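Reading through the structure tokens given below for one structure.
Read-outs: derived from the displayed coordinates by stated rules, not from any lab. None of the values given here were measured: they were computed from a predicted structure. Virtual Cβ from ideal backbone geometry, glycine too; neighbours counted across all protein chains shown.
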Amino acid sequence: MNAVASSFTPRLPALDRVPCVDEVGVEERVARFCSRSIKKESKVQALKLALSMIDLTTLEGQDTRGKVTQLCQKAIHVHDSRPGLPHVAAVCVYPTMVAVARQALRGHDIKVASVATAFPSGMAPLGVKLEETRIAVQEGADEVDMVISRGAFLEGDHQLVFDEIVAIKEACGHAYLKVILETGELGTLDRVRRASTLAMHAGADFIKTSTGKIQPAATLPVTLVMLQAIRDYYHATGRRVGMKPAGGISKAKLALQYLVMLRETLGEGWLTAERFRFGASSLVNDIVMQLEKQGTGVYQSADYFSRD
Amino acid sequence: MARRKTSSKSNSLSSRSVSRVPVAKTYKLYIDGKFPRSESGRYYSLRRGDTRVLANVCRGSRKDFRDAVVAARNACGAWSRSSAYLRGQILYRAAEMLEGRAGQFAAELVLQGVARRRAETEVAAAIDRLVYYAGWADKYQQVFSTVNPVSTSHFNFSVLEPTGVVAIIAPETSGLLGLVSNVAPAVAGGNTCIVLASKSLPLCAISFAEVLHASDFPAGVINVLTGLKEELIEPFASHMDVNAVVYGDADAQAARKIQELAADNIKRVILRSGVDWNSAATQSPYSISDTQETKTTWHPIGS
Amino acid sequence: MASPESKLQFDTDWKYSAAPESTDHVRIDRQYELFIGGQFVAPRARQYFETINPANEKVLARVARADRTDVDRAVAAARRAYERSWSKLKPAARGKYLYRIARMLQERAREFAAIESLDGGKPIRESRDIDVPLAAAHFFYYAGWADKLEYAFPGRRASPLGVAGQIIPWNFPLLMAAWKIAPALACGNTAVLKPAETTPLTALKLAELMRDVDLPAGVVNIVTGAGDTGAALVEHADVDKIAFTGSTEVGRQILRRLAGTGKHYTLELGGKAANIVFADAAIDQAVEGIVNGIFFNQGHVCCAGSRLLVQESVADEVIAKLKERMETLIVGDPLDKNTDIGAINSAAQLEKIEQYLRIGQAEGGEMYQSSCSLPATGYWCRPTLFSGMAQSNRVVQEEIFGPVLAIQTFRSFEEALDKANNTPYGLSGGVWTDKGAKIFKMTRALRAGVIWANTFNKFDPSAPFGGYKESGMGREGGLHGLGAYVELR
């Protein structure tokens, strides 16, 4: 993953020049992606790719050391009885659990991502959000998932939203920054497109759909709009920004539809965990069940797959 | 529970065997895609002659009606937004389902005292009426909508929209056809409804609910109640979350009472009395437009 | 602006495996006869021709060639059925037969879709998701009108015309059969249908279906053959109405033949639709609409958006995005579920298209084709753009009927409108803008029978379709579509 170059200068773009989005047209394009038929070898390859892109996530008030440690075990030992499976990309937790995750993942090439900035609401003074970010990074987070100030965005204060991202990016130091737009609260695809462009110009390494704490979370239409924004930004600047849909993706079939969409919008450069992540938890087992079915030819039962 | 007439004829073989005890049917209400009993637990007996009980019929309460309105209102958004083609397909499916059970319905009408020939004619007419309104679902809009040639630079069009939740008091003298003739146009037009069956001929209404249940109608689009008209007219006509009420009997006093009660929330009142439901002349797209509103939209024409 | 260094790489390591539609449940007979008077009967002269799969040039079946005497038999059967059975039925009963056809077509949908793709070359995804469902919907829609004609024509009583002679093209074989048969029967007429020479199979399967729903004998008759079969039908004295969908040139010949005969007629002919993209359009969705407009069904669409008129300030951006989008279009086996663009319908059509590619280049147009691979056998054409074109170029004026888009720029609304209308054709048009008022201004002034705003190639049985000027006359679909098949008193 290429982090933002030191020569990068964040600059608020002219958001009224961003193309508007027609919702019906987007949904039709999505329907076409969903009618792709991914079978046999290409299905196995895609399932493994999807598995390697998962940010295995637990973000609950009732998270404990025990819970996080066990989740990290699942991240490492996805389904040992079938060898050759990739491990997940990262484990995503609250800042107070970063150290626990680091310890549990010691010696393994799995990143620790931490939410910060008063996740999920973002309703805290900037100073508090910056401090939380620094703590998460100090504790050992490789990646920070921040939330934008949706209220400010809806009020039209784009400059404030922009400046916050720039500041958080700085506080991240060497850690990569994922910017959560919380698309379910932005409401329209036009706003999603503008927020995406704003976040990328502010220095985001990834743009992410949702916190997963409200409905709707990630959807295919919203993701397509964000991928198109990434594409336009890439053509304009040469910088590749990653994308992460989060929340509501628990079925392998749906994950593959996201990959089809990714492949046909951005191509090879983004078909890697360096540039695409799924924010999910139960998706892991559905993917493994599908892989097992592909391998044995037999439909599977959930009883045979560990739930941590 | 409904008892069917068991045959008294038997051949020599079966006269030696024990004759089969039929399973009697329990008639319930149909609300929100489920078949509950009345929340009041009350019933009335449908009789032949002085003593013979054909069935116990649920005596629906104002609370049952209230629950049915909630279900109809919840279902209204999605049903009114569904495509006209889908509504037509579902109504046609109801015709398919009813056709398959024509014998059962005719027997049920006979059980309630209708002559066999008339019963069979009525069932066939009910099926064909469903087909008729299925065919209007994606056409009434074309007949009744307009593009209006206003004199300013505006594109101006008027379309029909369903009024919402329609409460229907089915005709007393018809056990099936009258009910179908009022329900079908209302839902073809995107409304949801609650219908009160005839008091003296209530059984086919509930069996018809089973047909609807098997026809892909979403829960709550059509709700079927049985009970005493004199108790239920008042909630039907006065409920503030009902948009229109349809009354199918010729009782002028009842009609007037309905209109008075309906005035509170300016309900649309549709009186359909003295109608020969068997006649094909009674079916028309105007039965659909009766439960529609008209919306006019203006949009500038310019750069 | 995309630079060569920032080109996206769509030929990825992860490729889609073949996803063939299964055909083991599909039945195609080795030989088909004519369908006359409710039965399959051999042609009088015992002449047959082959129909092939354009994706691999293999023979699918032998099909009867109807000559003048066969056409005569078919018309006689249609006349007999009209007078003795069909007109005697209650309108509601006629409707019920049409409902049966609709429902059985839904039941057999998968089989019909596979055969449509095999015979004509269109992708299975399109025949499965669009052609077959729309055909069933057409029957369903018109079934409902059969007993409701009294409401369709204010102040007039509608009665059937009699026997309809119907000639359909090869680009939407089953759908065109539905568009013709459904309204004709709903209005009380009987029909003799001549499918296109290269795509007879789904019409013949439809004949089997109509026999299976017990449609009274002779109400629909299918006479397969080539141009002379169609001519025999047009010239037949006992046909009351001719409905034709095909090229403008053949439409002209038909009109000359019908002159003075008193026959009713409707024509749905060629087109060269302008797809107009304004700078304030939702650009990404407009690009998708352009792709849908010209590459859908291999461009074998009379209403295809075969001219792109793009506002000059966004032309480079739109063309760059278009080229990028074309890279992910999969051209290949029509029976593969991932194929976007199938086979060109015939060798003859491919030759016509390739001639235009030569013409376009000779005219100085900048030709661009996607880099997709093509199968070794069969008839194929890559999606193609010609940019820098002008009104005076032949690839802008003439209908190519293939996946070839001619691109021109414009500066103002008036210029776009003028270029769009500056053609003998007038079937359809597209306008892309986020501004509603501009849509209505454009739709009021565009001389075309179907206008798509912020969308393209949308069809519905309830929406009338047909052209202005040399794109034909009469409408199919909707309430207006009934007019073609009734006499009003």
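Using a 10 angstrom cutoff on alpha carbons, build the Gaussian network for chain B and name the most mobile of B:THR163, B:THR282, B:THR152. Evaluated over chain B, the most mobile residue of the options is B:THR152.
Within the listed set A:MET200, A:MET97, A:MET123, the Gaussian network model of chain A (springs between alpha-carbon atoms below 10 Å) gives the highest mean-square fluctuation for A:MET123. Dipole orientation for region A:18-292: of the candidates A:PHE33, A:HIS235, A:GLY187, A:PHE33 has the Cα lying most toward the positive pole (charges on Cβ; Lys, Arg +1; Asp, Glu -1). Can you give the local net charge around B:ASP290? Use residues other than it whose beta-carbon is closer than 10 angstrom to its beta-carbon, Lys and Arg +1, Asp and Glu -1. Value of the local net charge: +2. Take every Cα pair under 8 Å whose residues are at least 6 apart in sequence, average their separation, divide by the length of region A:1-149, and the relative contact order is 18 percent. Note on chain A: with a GNM built from Cα contacts shorter than 10 Å, the maximum mean-square fluctuation among A:GLY269, A:GLY279, A:GLY238 falls on A:GLY238. Ordered by the count of other Cβ atoms within 10 Å of each Cβ, fewest first, A:THR64, C:THR339, A:THR9, C:THR190 give A:THR9, A:THR64, C:THR339, C:THR190.
Cross-link reach is defined here as a Cα-Cα straight distance under 16 Å, omitting same-chain residues fewer than 8 places apart; for A:LYS293 the aspartates and glutamates meeting it are A:GLU41, A:ASP80, A:ASP303. Return one number: the angle in degrees, 0 to 90 and rounded to the nearest 10, between the long axis of the Cα atoms of helix B:102-111 and the longest principal axis of the Cα atoms of chain B. Orientation of helix B:102-111: about 60 degrees from the principal axis.
In region C:76-228, taking the dipole from charged Cβ atoms about the Cα centre, the farthest positive-side position among C:ALA182, C:GLY162, C:PRO133 is held by C:GLY162. In this structure, the pairs whose alpha-carbon distance is over 25 Å, taken from B:LYS199/C:LYS90; C:LYS7/C:LYS435; B:LYS139/C:LYS90; A:LYS129/A:LYS251, are B:LYS199/C:LYS90; C:LYS7/C:LYS435; A:LYS129/A:LYS251. Residue pairs exceeding 21 angstrom between C-alpha atoms, taken from C:LYS321/C:LYS441; A:LYS253/C:LYS15; C:LYS352/C:LYS469: C:LYS321/C:LYS441; C:LYS352/C:LYS469. Residues whose amide H lies under 5 Å from that of B:LEU54, counting only those 5 or more places away or on a different chain, are B:LEU46, B:ARG47, B:ARG48; hydrogens are built 1.01 Å from N in the peptide plane.
Taking trypsin sites (Lys or Arg not before Pro) in DSSP loop conformation with at most 13 other Cβ atoms inside 10 Å as exposed sites, chain B has its longest uninterrupted site-free stretch at B:21-303.
For region B:41-96, which chymotrypsin sites (Phe, Trp or Tyr not before Pro) are both in a DSSP coil and crowded by at most 12 other Cβ atoms within 10 Å? Loop-located and lightly packed - none at all. Farthest toward the positive end of the dipole of region B:43-300, out of B:LEU271, B:ALA119, B:HIS154, is the Cα of B:ALA119, where the dipole comes from beta carbon charges about the Cα centre. Straight distance only, please: which aspartates and glutamates reach the Cα of C:LYS148 with their own Cα at less than 16 Å, same-chain residues fewer than 8 apart left out? Hits, sequence-local ones excluded: B:ASP128, B:ASP138, C:GLU487.
Cβ under 12 Å from A:LYS208's Cβ, A:LYS208 left aside: what net charge do those residues give with Lys, Arg +1 and Asp, Glu -1?
Neighbour charge sum, excluding A:LYS208 itself: -2.
Which whole-number percent gives the relative contact order of chain C, counting Cα pairs below 8 Å spaced six or more residues apart?
On the way: 1093 pairs, mean separation 85.8, N = 489.
Rounded, it is 18 percent for chain C.
Spin-label model, C:SER6 to C:ALA320: label points 7 Å out along the Cα-to-beta-carbon direction sit 0.6 nm apart. Using the rule -39500 (n - 2.57) for each DSSP H run of four or more residues, divided by the residues of chain C, the 222 nm mean residue ellipticity is -11000 deg cm²/dmol. Dividing the C-alpha radius of gyration of region A:104-178 by 2.2 N^0.38 Å, with N its residue count, gives 1.15. Computed over neighbours whose Cβ is under 11 Å from that of C:GLY162, the net charge equals -1, Lys and Arg +1, Asp and Glu -1.
With R₀ set to 51 Å, the beta-carbon distance separating C:ASP212 from A:VAL24 gives a calculated FRET efficiency near 0.85. Label-to-label distance, A:LYS40 versus C:LEU488, with points set 7 angstrom from Cα along the beta-carbon direction: 5.8 nm. Among the chymotrypsin sites (Phe, Trp or Tyr not before Pro) in region B:105-192, none sits in a DSSP loop with a Cβ that has at most 13 other Cβ atoms within 10 Å.
Across chain A, C-alpha contacts under 8 Å between residues 6 or more apart give a mean separation that, scaled by the residue count, equals a relative contact order of 21 percent. Placing one equal scatterer on every Cα of region B:43-300 and applying the Debye formula, the log10 ratio I(q)/I(0) at q = 0.16 Å⁻¹ is -1.19.
In loop segments of region C:75-170 as defined by DSSP, the trypsin sites (Lys or Arg not before Pro) with at most 13 further C-beta atoms inside 10 Å of their C-beta are C:ARG156, C:ARG157.
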